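What follows is one structure encoded as structure tokens, with my remarks underneath.
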Amino acid sequence: MFWLKKIVILCLIGVILAVATVFVAYWYVKDDLPDVSSLQDVRLQTPMRVFTADGELISQFGEQRRIPLTLDEMPPQLIQAFLATEDSRFYDHPGFDVIGMMRAAIVVASTRDAKQGASTITQQLARNFFLTREKKVIRKIKEIFLAIRIEQLLSKDEILELYLNKIELGHRAFGVGAAAQVYFGKTVHELTLDEIAIIAGLPQAPSILNPVRSPTNARNRRNIVLGRMLSMGYINQAQYQEALQAPVTSRRHGAQITASAPYIAEMVRQEMVERYGEEYAYTAGLQVYTTINKPIQDAARHALQQNLYDYDERHGYRGPEAVLWSSENSDDAEQSTAAAWDEADILNYLTEQSSLEDLQHAVVLNVEDQQALAIRADGQHVTLDWDGLKWARRFITDHRQGHAPKQASDILQPGMHVRIRHNGESWQLSQVPEATSALVSMDPNTGAIQALVGGFSFAQSQFNRATQAKRQVGSNIKPFIYSAALEQGYTLASVINDAPIHHWDQGAGIAWRPRNSPAVYDGPIRVREALAKSKNVVSVRLMRGVGIEDSIQHLKRFGFAESDLPRNETLSLGSASLTPLELLTGYAVFANGGFLVKPYVISKVYNEENELIYQHQPALACHDCAVENTAAEPEILDAEAQLAQLFADFPADESADTETPPKQAPRVISEQNAFLISEALKSSIWGGGHWNRGTGWNGTGWRVQSLERRDISGKTGTTNDSKDTWFTGYNSQIVTTSWVGFDDANRSLGRATWNANLGRNQSSGVEAGARTALPAWLEFMRVAMQDIPVDQVDTPAGISSVRIDLETGLLSRANDHTSRFEFFVRGTEPTQYVQPGTPSFSFDDDEPATELLELFD
């Protein structure tokens, strides 16, 4: 009895001391304890995600990778794995686990190892939100008191859900949703049991236990988690054994990108950061929807890349990436494949190479008569047949190529490290294109960008040539010059002298001789035909008739910055430097009937709660709006300001719920002017005359005829020495421009000589807009216009149509191949009829020239 009383007294003293200790500890730290009530409305840092209009993920931006999930959205087995590993008595303790703390104390006392943890899930949550990871007693005391407060504030399920979304799991993955994506490229519901166990084992030390850095450590930790799940009855023996046998296969996955539009994504990122600042843009979970659609964007990317491959193959093979070993040619195929490197060494080498778009690294193993055997980084052996090799004559210069190869050994040898790609039918030899390109497409009625590709590969170069590269536009400028001429009283039937210009500039002491390309001169020619054939000297004469200053003022209406427009006659041939998007915006004016719309790419923005916080309301090309805004002079911006104006209608505080009537874009040219230019540009594609009478002619864009649509207007463009090549084409629903050149603006695209191996399946000659830029436009529009009905364009009010004589442009009573109907602004029709024996035209060519520069198409 005596000893029993002593024990009871000691216990009471111990309890009193414990309570006193707890009270003192709480009194000591209470002023330092943060307010946990913030957890009731916690906002987890969630990256900004960018989507296509049809909901495909383009990119995400933010330091922390997180995919917030509710507890109901997580598979039960995943929750069980974390409970078994981190806190098996989670639903029983008040925030701290006395049994766990005693167990940890015993381990520390017996092993002197302080690594044994005793933190519950609630304590870990308190530490992750409010405390540091320093291993000090005072931090542990604070952690316990915070855990108690959290348990009083939140339910167990709320605590567990917050924890599973907050916990750091390595490689910038926060929460189980992000970890499943980062390590396995899956959603949480797609995870297998062994993958669940790997993720559940990460909280202890994510940097050294993750399967990307150390598969061995990850396997050992996974097995511990599986063992605990088995002992807790969450899995059975068969599941346990099956998961133990599973290999650890993991690599770091990026965001689950389902649409390739990195240049668009970067445009969005820059604007969102500018509007909201980095912290909010990258952490607020914004969902940004763009104007592009995945199928159209994919078509643009494929068309641009294939066109660059085609250009590259026309100009020859620049050789292998490297030569890993050399071997003599041998009649014995087995002997010829013998090499200094075995297959394991080759695969190790190939896995170290970084991929680029659809180009894959390979090493040539064997070369036979007209085929070669190569091995890829995944160990697969592929055959390069003759159809995939015969293009590869030797590159000499941009203007010269070697002789056509006759056998595979003329091109390849065993040991060569090469690039290959699959062309849809078979593997073929390839190389990284040195030329580059841009393609951008827009709805001309709203300014919504439909597709944009700023180069061959964003991974290769983040420079967005569609919005940042100012290049001379060549003959793509001519429709704007002709538009100015129509404003000054010229008509499509006006006859201009297509004859050489030779003017001595006394001040410069030099003669300016702009040439047609090809150097063919037709003499007197109607304005429609001159634009369709891209006659340089006619463009110069038209500018002389309008005047340089008036021409510049007219071009400014299309949104072009005055600083980009040279104040001399070379402007008529395309010496102005514009970005593809700026040029496209100008062409949209013709496509929509005279309105200047602003390009935009952000359609709507949702916050993390899926509430619409912004919806773009573009100024529309609107012919039937109540308020008519004709011939308004738009604000002219410099280049940087124009790029910033891509999102000028995107105020940070705009209410998405406010309904406002449609805004009208400013009218900058008359509907009649836009109609006449579009009609003339249809002749650029379909030509004119009568082929059966020997008077037929093609325009420079004749390849577009393959689309079999009569509603397309288009214009080619090529600059001096083929340094820049263009094609822009449109109907009333879509306008697209394609540019091809080198980043080095002084490098010519050159010419391709005939390759006997390719026969008719090639395009040889000087690189020009029709040959080099148009094919990408054509292949893109073949897809983009599939669901766009053919325009049924009504002739605008104020337009008349009369029959004219094709030679003189005068009225004609003939109904044969010498005449055609032509459109005129009412009141500008010719008033005289052509008479038999009408005398030849005479022209005066003494207009001044100001600069020696030749650009041609």
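The values are calculated or read from the model by the stated rules, or taken from the named source; none is laboratory data. Quick caveat: nothing in here was measured; it's all calculated off a predicted structure. Note: ideal-geometry Cβ built from the backbone for every residue, glycine included; neighbour counts use all protein chains shown. In case anyone asks, the SASA skips ligands and DNA or RNA and just uses the protein heavy atoms, side chains included. Shrake-Rupley method; radii C 1.70, N 1.55, O 1.52, S 1.80 Å.
A few notes on this one:
- Listed by position, the strands (runs of 3 or more DSSP E) enclosed by region 437-514 that each have at least 2 residues that are β-branched (V, I, T) are 449-453, 495-498.
- Residue in region 752-770 that is more than 27 Å from G717 (Cβ to Cβ), more than 31 Å from the chain's Cα centre (by Cα) and among the aliphatic types (A, V, I, L, M) present: yes
- Filter pass, I198 being part of a helix (DSSP H, G or I), touching a residue at least 40 places away in the same chain (Cβ under 8 Å) and of a type in the set (V, I, T): yes
- Residue list for region 349-360, restricted to those being of a type outside the set (A, V, I, L, M) and either in a helix (DSSP H, G or I) or open to solvent by less than 70 Å² (accessible area, probe 1.4 Å) (or both): Y349, T351, Q353, D358, Q360
- When the residues of region 422-436 are filtered to those that are assigned to a strand (DSSP E or B) and either within 22 Å of D743 (Cβ to Cβ) or charged (D, E, K, R) (or both), the one that is farthest from the chain's Cα centre (by Cα) is S430.
- Near pairs, Cβ below 6 angstrom, 6+ apart or cross-chain, from region 813-824 (within 18 Å of E529 (Cα to Cα)) to any residue that is of a type in the set (S, T, N, Q) and part of a loop (DSSP other than H, G, I, E, B): S819/S812; F824/T491
- Comparison of S534, S551 shows that the only residue that is out of contact with any Lys or Arg (no Cβ under 9 Å at 6 or more places or on another chain), open to solvent by less than 10 Å² (accessible area, probe 1.4 Å) and among the hydroxyl-bearing types (S, T, Y) is S551.
- Scanning region 476-510 for residues that are within 21 Å of N568 (Cβ to Cβ) and open to solvent by less than 10 Å² (accessible area, probe 1.4 Å) yields N476, I477, K478, P479, F480, I481, Y482, S483, A484, A485, I501.
- Residue in region 129-136 that is more than 22 Å from A200 (Cα to Cα), at pLDDT below 75 and more than 46 Å from the chain's Cα centre (by Cα) present: yes
- The one condition in (1) more than 12 Å from A81 (Cα to Cα); (2) open to solvent by 60 Å² or more (accessible area, probe 1.4 Å); (3) not hydroxyl-bearing (S, T, Y) that K186 fails to fulfil: (2)
- The set of residues in region 585-615 being outside any strand (DSSP E or B), surrounded by fewer than 24 Cβ atoms within 10 Å (Cβ to Cβ) and within 21 Å of the chain's Cα centre (by Cα) consists of K598 alone.
- Pairs with Cβ under 7 Å, 6+ apart, first in region 661-674 and part of a loop (DSSP other than H, G, I, E, B), second basic (K, R): V668/R557; I669/R557
- A281 being aliphatic (A, V, I, L, M) and either open to solvent by 40 Å² or more (accessible area, probe 1.4 Å) or part of a loop (DSSP other than H, G, I, E, B) (or both): no
- Within region 552-568, the set of residues being in contact (Cβ under 8 Å) with a residue 60 or more places away in the chain, in a helix (DSSP H, G or I), in contact with an Asp or Glu (Cβ under 7 Å, 6 or more places away or on another chain) and not basic (K, R) comprises H554, S563.
- Residues satisfying the stated conditions in region 361-414, i.e. part of a loop (DSSP other than H, G, I, E, B), open to solvent by less than 50 Å² (accessible area, probe 1.4 Å) and within 25 Å of A756 (Cα to Cα): L389, K390, W391, A392, R393, D398, G402, A404, P405, I411, L412, Q413
- When residues of region 515-545 are limited to those that are small (G, A, S) and assigned to a loop (DSSP other than H, G, I, E, B), the one nearest to D721 (Cα to Cα): S517
- Just so you know, in region 72-109 the residues that are of a type in the set (V, I, T) and open to solvent by less than 50 Å² (accessible area, probe 1.4 Å) include one that is modelled with the highest pLDDT, and it is I79.
- Single match in I712, I685, I677, I636 (criterion: at pLDDT below 75, closer than 30 Å to K470 by Cα and β-branched (V, I, T)): I636
- Matching residues in region 729-785 - criterion: being among the basic types (K, R) and touching a Leu at 6+ places or on another chain (Cβ under 8 Å): R782
- Any hit, region 765-782, residues being crowded, with 22+ Cβ neighbours inside 10 Å and farther than 29 Å from W726 by Cβ: no
- All positions within region 153-186 that are touching a residue at least 24 places away in the same chain (Cβ under 8 Å), outside any helix (DSSP H, G or I) and out of contact with any His (no Cβ under 6 Å at 6 or more places or on another chain): L154, I167, E168, L169, G170, H171, R172, A173, F174, G175
- Selection count where residues are closer than 22 Å to F824 by Cα and among the acidic types (D, E), scope region 522-549: 1
- Cross-chain or 6+ apart pairs with Cβ under 6 Å, region 525-551 first and on the phi > 0 side of the Ramachandran plot, then surrounded by fewer than 23 Cβ atoms within 10 Å (Cβ to Cβ): none
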